[in-house]
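First comes the structure, then the notes that go with it.
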Amino acid sequence: MQSDLELQAGRQRAQRRRANLDASILERYRTRIAQWLDTRAGEPPEWQRATGFGDLSVPLTAAELERLRDDVQALLRPYLGRVTGEDEAPEDARRVELIHFAFPAPDAP
């Protein structure tokens with residue numbers, strides 16, 4: 001049986017591993033976005049028009065944020081078969097990176 005100190009140390013190690021993984025994932029996103037920004041001028045016009053990014057800071061309750069997350073997932077659901085191999089993508093399709101974060105702003109109530 002583990003002592004309270006051992007359990008606490010295990011939780012702290014797990015938190016550090018999670019933080020390291022999060023930092024690695026965030027860096028991968030940053031790198032991929034920077035690559036796109038550096039090369040987008042050479043992309044065909046239809047791809048330049050189709051892409052985009054933006055941000056929005058909006059007051060939401062936790063329940064509303066959960067519903068928004070579910071709504072975004074529902075919008076993506078028709079395309080998931082292309083990722084799993086259940087559906088075939090159109091011939092002219094390209095893999096698109098869609099990155100979204102939704103979290104309470106640390107500097108706002």
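The values are calculated or read from the model by the stated rules, or taken from the named source; none is laboratory data. The structure presented is a predicted model; accordingly, all values stated were derived computationally and were not measured. Here the Cβ is made from the backbone with ideal geometry for all residues, glycine too, and neighbour counts use every protein chain on show.
Among the residues of the range 65-86, how many are surrounded by 11 or more Cβ atoms within 10 Å (Cβ to Cβ) and β-branched (Val, Ile, Thr)? Residues meeting the conditions: 2. Of the helices (runs of 4 or more DSSP H) that lie entirely inside the range 42-109, those containing 1 or more residues that are touching a Leu at 6+ places or on another chain (Cβ under 9 Å) and either without any contact (Cβ under 8 Å) to a residue 40 or more places away in the chain or of a type outside the set (Val, Ile, Thr) (or both) span 62-76.
Between ALA50, ALA62, ALA34, the distinction of being of a type outside the set (Lys, Arg) and either loosely packed, with under 10 Cβ neighbours inside 10 Å or touching an Asp or Glu at 6+ places or on another chain (Cβ under 6 Å) (or both) belongs to ALA62 only. Inclusion of THR61 among residues that are within 20 Å of ALA105 (Cα to Cα) and among the hydroxyl-bearing types (Ser, Thr, Tyr) is warranted.
If I ask for residues that are surrounded by 10 or more Cβ atoms within 10 Å (Cβ to Cβ) and either of a type in the set (A, V, I, L, M) or within 19 Å of HIS100 (Cα to Cα) (or both), which ones from the range 1-17 would you list? Within the range 1-17, LEU7, ALA9, ALA14 qualify. A single entry from ALA9, ALA74 fulfils the requirement of being farther than 24 Å from PRO106 by Cβ and at pLDDT 95 or above: ALA74.
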